[in-house]
Amino acid sequence: MPADPLDTAYLASLPTETRNPRSAHIDELSTLDMLRVINDEDRTVPEAVATQLPVIAEAVDRIAERFSRGGRLLYIGAGTSGRLGVLDASECPPTFSVAATLVQGLIAGGDPALRLSSEHSEDRPEEGARDLLALTPAFNSSDTLVGIAASGRTPYVLGALQLAQDRGGLTIALTCVPDSRMAAIAELTIAPVTGPEVLTGSTRMKAGTATKLVLNMLSTGVMVRTGTVFGNLMVNVKPTNAKLVDRAHRILIAATGCTPDRAAQLLREAGSVKLAILMELTGLPFAAANSRLKRANGILRAALRS
């Protein structure tokens, strides 16, 4: 592996950059056959992710343990990788009713790069480190950094991973190539090898899909482990609009068997789905239920068992 992540010979050798023989004549196919080629390639992605389940599981458990110490989960990447990290992070507050600071996504070039490409930003490792230090508080040993890069060699991500490693945080590389530069720095490496893209080098396709699947597992798995889920119900959901109020009512009905009118009443009294479920299933009034839930560290199943 070359010392320079910008080595062009190294870049050309990456599986995400090589040509895919199965799509070599895609421009000559009918539209339906073209889409079949894309779909056939997409079918290989879940299999690639499945090979990484043991290390994803380890990552989930270790991130959850750091949450108990006040740590945060931070994603960092450039281009598609950065956007996917920001997307996953931004979905956590409305889905799990956690603080927006708990899971954060950083992208090379900052927020403008979410809409407009900022390719030049990804070639500067010092900017990745700088963005971690600019957080409030700055990245520390309780935090986890997931560096995301399909190629495993984006300098912006490498710089961030190195700083995170030096500061004693948990570092995780999420890439689609084996034995990457990122893997040489990170403590854990998640590497679903998705192979050549239908369009050569277009890692927004299979690599992007694999990245999204893994991020779904990481954030969802951590939230399950830390008690924001009861069964398969999102009991931490914030009822902040009509759709989410309706979802909250349906969650209450599913969890307790109460009527729709009772669900609406419970939600008004409790102010949260989780507390409303505890009140209904135990018969406890608000104050007593709230106290019990706090003693159980917000984990509904533990509160019910107590």
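FYI, it's all coordinate maths here, none of it is from the lab. None of these values were measured; they are calculated from a predicted model. In this analysis, Cβ positions are derived from the backbone assuming ideal geometry, glycine residues included, and neighbour counts consider all displayed protein chains.
Magnitude of the charge dipole for the chain, about its Cα centre and with charges confined to Cβ atoms of Lys, Arg (+1) and Asp, Glu (-1), is about 1660 debye. GNM on the chain, alpha-carbon springs under 10 angstrom: the most fluctuating residue among Asn20, Asn236, Asn39 is Asn39. Only DSSP H runs of four or more residues enter the estimate; each adds -39500 (n - 2.57), and after division by the residues of the chain the mean residue ellipticity at 222 nm equals -15500 deg cm²/dmol. Listed values (1) 20; (2) 34; (3) 37 include one computed from this model; for percent of Cα pairs over 33 Å apart that value carries the label (2). Each residue in Cys92, Cys176, Cys258 was given a count of other beta-carbon atoms within 10 angstrom of its own, and listing them fewest first yields Cys258, Cys92, Cys176. When the chain is treated as a Gaussian network with alpha carbon springs shorter than 10 Å, the biggest mean-square fluctuation among Leu106, Leu145, Leu213 belongs to Leu213. Modelled spin labels at Arg36 and Leu11, positioned 7 Å past Cα toward Cβ, are 3.6 nm from each other. Projecting the Cα atoms of Ala9, Ile172, Val37 onto the charge dipole of the stretch 8-225 (Cβ charges, centred on the Cα centre) puts Ile172 farthest toward the positive pole. A straight line joining the Cα centroids of the stretch 116-195 and the stretch 15-51 runs 28 Å. Ranked for footprinting exposure by Cβ neighbours inside 10 Å, fewest first, Val237, Val103, Val55 give Val55, Val237, Val103. Projecting the Cα atoms of Thr226, Leu74, Ala287 onto the dipole axis of the chain, where Lys and Arg carry +1 and Asp and Glu carry -1 at the beta carbon, places Ala287 farthest toward the positive end.
Taking R0 as 41 Å, what FRET efficiency do you get between Arg305 and Ser117 from their Cβ-Cβ distance, rounded to the nearest 0.05? Plugging the Cβ-Cβ distance into 1/(1 + (r/R0)^6) gives 0.20.
Computed from the Cβ-Cβ distance with R0 of 25 Å, the FRET efficiency linking Arg43 to Leu199 stands at 0.90.
Using a Förster distance of 45 angstrom, determine the FRET efficiency expected from the C-beta separation of Ile26 and Glu91, and round it to 0.05. Plugging the Cβ-Cβ distance into 1/(1 + (r/R0)^6) gives 0.85. With contacts taken as Cα pairs under 8 Å and at least 6 residues apart, the chain reaches a relative contact order of 19 percent. In plain terms, the residue of Tyr156, Tyr10 with the fewest other Cβ atoms within 10 Å comes first and the most crowded comes last, giving Tyr10, Tyr156. A crude spin-label estimate for the pair Arg130 and Ala254, with each label 7 Å from Cα along the Cβ direction, gives 4.6 nm.
Membrane-span-like helices in the chain (whole DSSP H runs, Cα extent of at least 20 Å along the helix axis, mean Kyte-Doolittle hydropathy of at least -0.5): 53-67, 79-96, 206-225, 242-256.
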